[in-house]
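Here the structure comes first, spelled out in structure tokens, and everything after it is commentary.
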Amino acid sequence: HVQLVESGGGSVQAGGSLRLSCTASGATVISRCMGWFRQAPGKEREGVASIDSLGRIVYADFVKGRFAISQDNAKNTLYLQMGSLKPEDTATYYCAARPAYTPDDRCADFDGMKYWGKGTQVTVS
């Protein structure tokens, strides 16, 4: 079983920056996908960004270059650097992970995530 714990959420003014972290523990696999999702009140959960074991990245269109996902495999830690934050970015942000479907899985579909963190709140005003 994989456990994911997010941190780094908080309140920030519009145009500001915030860095989220997600630390994974438990079983490790050679090929896997990790990603960030978010859910605003009254709205469906949506994918923000994903990254595979080789560091290949897929972003949601609404990120528009404002966010950057990265990972430190040695520390089993995933990051989301958020800049130019907007009020519409206000949401609970979740870290998620799943085994890769194939060795060359690009993790592009934002689906099938098996493990989830409890979330961290981001509020932009």
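Inter-label distance, Ser17 to Glu46: 2.4 nm, where each label sits 7 Å from its Cα along the C-beta direction. With each label modelled as a point 7 angstrom along the Cα→C-beta vector, the Thr123-Asp104 pair spans 4.7 nm.
Roughly speaking, what is the stretch gain from Lys86 to Ile30, that is 0.36 nm per residue apart minus the C-alpha to C-alpha distance, in nm to one decimal?
Numbers: separation 56, 0.36 × 56 = 20.16 nm, distance 3.59 nm.
Stretched fully, the Lys86-Ile30 segment lengthens by 16.6 nm.
Among Gln39, Gln71, Gln13, the largest mean-square fluctuation in a Gaussian network model of the chain (Cα springs under 10 Å) belongs to Gln13.
Rounded to the nearest whole Å³, what is the per residue volume of the convex hull around the Cα atoms of the chain? Could the numbers behind the result be given before it?
On the way: hull volume 11.7 nm³, N = 125.
In the chain, the Cα convex hull volume per residue is 93 Å³.
If you run the Gaussian network model on the chain, springs between alpha carbon atoms under 10 Å, then out of Gly35, Gly26, Gly112 the most flexible one is Gly26.
Expressed as a whole percentage, what fraction of the accessible surface of the stretch 12-125 belongs to carbon and sulfur atoms when a 1.4 Å probe is rolled over the protein heavy atoms? Could the numbers behind the result be given before it?
Details: 2980 of 5960 Å².
Answer for the stretch 12-125 is 50 percent, counting heavy atoms of protein chains only.
When the chain is treated as a Gaussian network with alpha carbon springs shorter than 10 Å, the biggest mean-square fluctuation among Leu54, Leu20, Leu85 belongs to Leu54. Here, the stretch 1-69 yields an orientationally averaged convex hull projection of 5.8 nm² when only Cα atoms define the hull.
Taken one residue at a time, the phi angles of the stretch 84-101 give Karplus couplings (6.51, -1.76, 1.60, θ = phi - 60°) of 6, 5, 10, x, 6, 7, 4, 4, 8, 9, 10, 8, 9, 8, 7, x, 5, 6 Hz. Gly and Pro are set to x.
Close amide H contacts of Gly119 (hydrogens built in the peptide plane, cut-off under 5 Å, sequence separation of 5 or more or a different chain): Glu6, Cys95. Residues in the stretch 77-125 average 49 Å² of solvent-accessible surface per residue, probe 1.4 Å, ligands and nucleic acids excluded. With N counted as the residues of the stretch 52-125, its alpha-carbon radius of gyration over 2.2 N^0.38 Å works out to 1.17.
Please give me the summed charge of the neighbours of Ser84: other residues whose Cβ is under 11 Å from its Cβ, Lys and Arg +1, Asp and Glu -1.
Numbers: positive: Lys64, Arg66, Lys86; negative: Asp89.
Result for the neighbourhood of Ser84: +2.
The values are calculated or read from the model by the stated rules, or taken from the named source; none is laboratory data. All figures in this text were calculated on a predicted structure; none of them were measured in a lab. Glycine gets a Cβ as well: all are built from the backbone with ideal geometry, and neighbour counts include every protein chain shown. Note: areas computed on protein heavy atoms with side chains; ligands, DNA, RNA excluded. Shrake-Rupley method; radii C 1.70, N 1.55, O 1.52, S 1.80 Å.
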